[in-house]
Amino acid sequence: MAPSIVVIVRGRGVFGRGGEIVPEILARIYERGLALLTGQTGAADALRTMFAPSDRVGIKINAIAGRDLSSRPDVTLPFARLFGRLGIADRNVVIWDRTNRELKSAGYALNADGAGPRIFGTDTAGVGYEDEPFIHRSIASRMSQLLTGRVTASVSFAVLKDHGLAGVTAGMKNYFGAIHNPNKYHDDHCDPFVAEVFDAPPIRTRHRLTVLDALLVQFHRGPSYHAAWAAHAESLIFGTDPVAVDAVGWRLVERLRKEKGLPTLAEDGRPPLYIQSAERLGLGRAAEPDIRLVEEEV
């Protein structure tokens, strides 16, 4: 079996002097990252291998940490606009998370029906959660109707962070924001719950791509922002194997911790066990020999 491909593209200088994102460098990251992942010549052709013009695309972000450590509008909106090059109308692309309050706190201007990609939360009037819980393995959760009823294809656009219970929060755990009761699933390092939530058919059958935002990585004391333990890795990580992408993100967090003299996550008593559980469920591959890591700087 061929190894899973995961791509890391670093955009040196992607943060301007005032901390703003430099659009030209970000655009090069997307073009190269998606091209390297798929073997295509650019972002549009790459996305065309994963999405159809008829798709309604949901970009699930993470806005829980406010402006300091959430998916940034100046990072996710340029990605959302790439789908227009496939012929997918703006009205069929939605950037979303749990609540409108969190989206606004992270710097987003809500957009339920105006020009450009849609931006709104599950708590928007007329959306909400399914009336009945979806039961799968040890999970019993009401799914966001934004996911189950509004989109046919999903991108997990997650912020790579250390997590005080799970060890690491990345692409798979990002879907905890698609259920009404994520608080129930944080015991035992969130294991096997992260894997089982992702394995639930409403999520697994829609997921097409993971993009991990490793521009600024919180490698200790996450998932909230602490400047002393945040590193400008200036990178985005791309992959279609959700387990492999999270495994690569985990190893990046471990490398940053080592550089600062911190113990490994296992030594700290919070190994990300759910990554191995996800591999056992057949959701992807976690071992380094089973992943072909492609790294490039633009």
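The values are calculated or read from the model by the stated rules, or taken from the named source; none is laboratory data. Computed from a prediction, not measured in an experiment: that's the story for all the values here. Here the Cβ is made from the backbone with ideal geometry for all residues, glycine too, and neighbour counts use every protein chain on show. Accessible surface is based on the protein model in full, side chains and every heavy atom, while ligands, DNA and RNA are left aside. Shrake-Rupley method; radii C 1.70, N 1.55, O 1.52, S 1.80 Å.
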Would you kindly derive the ³J(HN,Hα) couplings of region 158-164 from the backbone phi angles with the Karplus curve 6.51 cos²θ - 1.76 cosθ + 1.60 (θ = phi - 60°), listing them in order in whole Hz, with x for Gly and Pro? 10, 8, 7, 8, 4, 9, x
Considering only protein heavy atoms, what per residue accessible area in square angstrom results for region 201-298 with a 1.4 angstrom probe? 43 Å²
If amide H atoms are modeled at 1.01 Å from N in the peptide plane, then the residues at a separation of 5 or more from ALA140, or on another chain, having amide H under 5 Å from its own are none
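Go ahead and estimate [θ] at 222 nm for the chain from helices alone: -39,500 (n - 2.57) per DSSP H run with n ≥ 4, summed, over the residue count, rounded to 500.
-7000 deg cm²/dmol
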Amide H contacts under 5 Å for GLU297, placed H, 5+ residues apart: ARG10
Which shape class applies to region 211-277: rounded if a/c is under 1.5, otherwise prolate when a/b exceeds b/c and oblate if not, where a ≥ b ≥ c are the square roots of the Cα gyration tensor eigenvalues? oblate
Set the Förster distance to 25 Å, then compute FRET efficiency between ARG255 and LEU165 from the Cβ-Cβ distance, nearest 0.05. 0.75
SER138: net charge of surrounding residues, Cβ under 13 Å, Lys/Arg +1, Asp/Glu -1, itself excluded? -3
One finds the C-alpha centres of region 37-71 and region 138-206 to be spaced, in Å, by 17 Å
Of all DSSP beta bridges having both residues in region 56-202, the percent classed as antiparallel (nearest 5) is 45 percent
With the Cα gyration tensor of region 1-126 giving a ≥ b ≥ c as the square roots of its eigenvalues, does the rule (a/c under 1.5 for rounded; else a/b larger than b/c for prolate; else oblate) give rounded, prolate or oblate? oblate
In nm, to one decimal, how far is the THR99 label point from the ASP268 one, both placed 7 Å along Cα→Cβ? 2.6 nm
Relative contact order as a percentage, region 79-230, C-alpha pairs under 8 Å and 6+ apart, gives 19 percent
By a straight-distance test (C-alpha under 25 Å), which lysines pair with LYS60 as possible cross-link partners, with residues fewer than eight away in the same chain excluded? LYS104, LYS161, LYS173, LYS184
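Using only the Cα atoms of region 238-298, build the gyration tensor, take square roots of its eigenvalues as a ≥ b ≥ c, and label the shape rounded, prolate or oblate: rounded if a/c is under 1.5, else prolate if a/b is larger than b/c, else oblate. Provide the component values of the computation, followed by the final result.
Working: a/c = 2.74, a/b = 1.17, b/c = 2.35.
Cα axes put region 238-298 in the oblate bin.
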Taking θ as phi - 60°, what are the ³J(HN,Hα) couplings along region 280-287 by the Karplus curve (6.51, -1.76, 1.60), each to the nearest whole Hz, with x for Gly and Pro? 5, 7, x, 7, x, 10, 10, 6
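Ignoring any ligand, DNA or RNA, what whole percent of the accessible area of region 131-226 comes from carbon and sulfur when the probe is 1.4 angstrom?
Carbon-and-sulfur percentage of accessible area, whole number: 47.
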I need the GluC sites (Glu not before Pro) found in region 20-98, filtered to DSSP loop residues with at most 14 other beta carbons within 10 Å of theirs. GLU20
